[in-house]
Amino acid sequence: MHKLTLLVATHNPGKAREYAHLLSDLPVEVVRLDQVGVKEVAPETGATFAENALVKARFYAARTNLLTWADDSGLEVDALGGRPGVHSAHYGGEGLSDRERYLLLLRELEGTPMERRTARFRCVVAIARPNGEAWTAEGVIEGVILTAPRGNGGFGYDPIFWAPSLNATLAELPIEVKNRVSHRALAAAQARKIVEQVLGDNAQP
């Protein structure tokens with residue numbers, strides 16, 4: 001199979017490293033936006049994670065002429081009507097740190113009993129060719145929002161998200177475990193199959 005450059009549409013080195021790790025045995029060179037000199041920001045105006053992921057993937061694929069992998073993911077808290085949802089990364093306004101965002105969320109849930117603190121992390125990955133052809137894959141992990149953070153790993157809302165199936169918060173998991181079981185890992189496992197198919201198509205004479 002021909003090795004090709006795969007643009008991961010993020011400025012977040014942590015996220016790019018996660019995906020590079022997940023794809024490390026495929027004949028692709030993973031690059032992020034900074035590395036190809038892209039400073040434009042794709043409009044994230046979709047009402048769903050899938051809409052936003054597709055917009056981002058097509059936007060950056062068209063501008064760079066590279067096969068592009070983009071995701072949109074976030075936390076859906078049932079007691080908050082699904083918030084923060086597609087606004088997870090900017091919840092509470094611009095300029096807040098990850099810690100400030102999850103502390104805001106905890107304040108909003110004060111007094112909410114554990115049985116009503118159900119939530120899920122959802123991730124949709126979109127893969128787009130420069131010609132606009134695109135595919136999506138989704139991953140979901142169910143959990144509960146704790147009353148205080150636990151663990152020092154991960155990023156975002158990981159320290160307050162308890163996954164009963166793992167008996168841990170995502171921030172307590174070693175990176176190699178998280179890379180197998182997170183919503184992003186589950187979506188990426190499906191998206192990886194799409195990349196393999198594209199690689200196979202590229203290898204056709």
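What follows draws every value from the coordinates through simple rules; no lab data is involved. Everything numeric here is computed off the predicted structure, so don't read it as measured data. As a convention, Cβ positions derive from the backbone with ideal geometry for all residues, glycine included, and neighbour counts pool all protein chains shown.
Say the dipole of the chain comes from +1 at the beta carbon of Lys and Arg and -1 at that of Asp and Glu; which of Val31, Thr10, Ala185 then lies farthest toward its positive end? Projecting each Cα onto the dipole axis, the largest value belongs to Val31.
Magnitude of the charge dipole for region 4-203, about its Cα centre and with charges confined to Cβ atoms of Lys, Arg (+1) and Asp, Glu (-1), is about 100 debye.
Here's how it looks for Leu6: its modeled amide H is under 5 Å from those of Glu29, Val30, Val31, which are all 5 or more places away or on a different chain.
Under the combined filter of DSSP loop state and at most 15 neighbouring Cβ atoms within 10 Å, region 69-139 retains these GluC sites (Glu not before Pro): Glu94, Glu110, Glu133. When only the Cβ of Lys, Arg, Asp and Glu is charged (+1, +1, -1, -1), the dipole of region 34-145 relative to its Cα centre reaches about 140 debye.
Taking amide H as placed 1.01 Å from N in the peptide plane, Gly82 has its amide H under 5 Å from the amide H of Val77, each at least 5 places away in sequence or on another chain. Computing FRET efficiency as 1/(1 + (r/R0)^6) for Gln190 and His11, where r is the C-beta to C-beta distance and R0 is 35 Å, gives about 0.90. As a length-normalised measure over Cα pairs under 8 Å and 6 or more apart, the relative contact order of region 109-149 settles at 46 percent. Helix 13-22 axis versus longest C-alpha principal axis of the chain: approximately 70°, rounded to the nearest ten. Working note: Karplus 6.51/-1.76/1.60 with θ = phi - 60° gives region 35-40 the couplings 6, 10, x, 8, 10, 5 Hz, where Gly and Pro are set to x. Residue by residue, region 50-61 carries 3J(HN,Hα) couplings of 5, 4, 5, 4, 5, 4, 5, 4, 5, 4, 6, 5 Hz when phi is fed to the Karplus relation 6.51 cos²θ - 1.76 cosθ + 1.60 (θ = phi - 60°); x denotes Gly or Pro.
Label reach from Met114 (point 7 Å along Cα→C-beta): in region 168-182, amide nitrogens under 13 Å belong to 168. The C-alpha atoms of the chain define a longest principal axis, and helix 98-108 lies at about 40 degrees to it. Loop sites here are trypsin sites (Lys or Arg not before Pro) outside DSSP states H, G, I, E and B with no more than 16 other Cβ atoms within 10 Å. The longest part of the chain free of them is 40-149. Per-residue ellipticity at 222 nm, computed for the chain from helices alone with -39500 (n - 2.57) per DSSP H run of at least four residues, works out to -10000 deg cm²/dmol.
Between Ser73, Ser88, Ser24, the residue with the greatest mean-square fluctuation in the GNM of the chain (Cα pairs under 10 Å linked by springs) is Ser24.
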